Amino acid sequence: MTERAVERDAYHHGALPEALVAAALEVLDEQGQEKVSVREVARRAGVSAGAPFRHFADRQALLTALADRVLADFVRWQEAEVTAAEGGSGLRALGLGCVRYALRHPRRFELVRSRMFAPEPPREPELREQLEFIEREFTVLIVADQEAGRVRPGDPALVKLAGQALVYGLAQMIVDGYLPAAQAEELAERVLDTFRDGIANGRPQ
């Protein structure tokens, strides 16, 4: 099948946008977001260099769609981590989940980080909704841990900020290679347990 035939078939089935984002995810995992280009994504998707512009106005629009995909993946990952820790601290599970995500998907984590900790909220509504959902769920888990007596009463916003600072630092140290990959998860667990004990309601949980 020729390149043009593949392109026509992709358009016919309405699958080209998804195929382009999937190709962008491949580039991200291999080389980082700086190397995600419309031309390379089109090449990997097997379509002409101009085909992506029918769905994405420019590279930034493609990156927005990619960020939306990665954030959705990150949310599913975190939900699975919290579910697996049912009966324990949701706050700890969320923090450890973020560290594990950075360990297994360092370039995806960097994209998540660039959106979650940007100085200005993203203009794109789809990204804003994803980030607002993450923030709300973080607060819900903090309050649940407080109500269960695992975390001292207090302002959940301060606990959230402290937890974000710790987890962000740990994850970034993993991405930067400061923490050896073979030991990173174990060290992160011990650090998170130290943090948990520090904010526990008078006793380790």
- Sorted on mean Cβ neighbours within 10 Å (highest first), peptides 90-102, 123-135, 67-79 come out as 90-102, 67-79, 123-135
- Message: Quick one: 3J(HN,Hα) in Hz for the stretch 41-56, Karplus 6.51/-1.76/1.60 with θ = phi - 60°, rounded, Gly and Pro as x.
- Response: 5, 4, 4, 5, 7, x, 10, 5, 4, x, 4, x, 5, 6, 10, 10
- Unit charges on C-beta of K, R, D, E only; dipole of the chain, Debye: 220
- Take the Cα gyration tensor of the stretch 70-123, multiply each eigenvalue by 5, square-root it, and list the three semi-axes largest first, rounded to whole angstrom. 22, 12, 9
- Report relative contact order for the chain in percent, whole number only (criteria: Cα-Cα under 8 Å, sequence separation at least 6). 19
- Regarding the chain, what are the three Cα extents along the principal axes, ordered largest first, in Å? 67, 34, 31
- Task: Could you tell me which of rounded, prolate or oblate describes the stretch 106-205, using a ≥ b ≥ c as the square roots of the eigenvalues of the alpha-carbon gyration tensor, with rounded for a/c under 1.5 and, failing that, prolate when a/b is larger than b/c and oblate otherwise?
- Result: oblate
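Since every read-out is calculated from the coordinates, none of them should be taken as a lab result. Everything numeric here is computed off the predicted structure, so don't read it as measured data. Please note: Cβ atoms are built from the backbone with ideal geometry, for glycine as well, and neighbour counts cover all protein chains shown.
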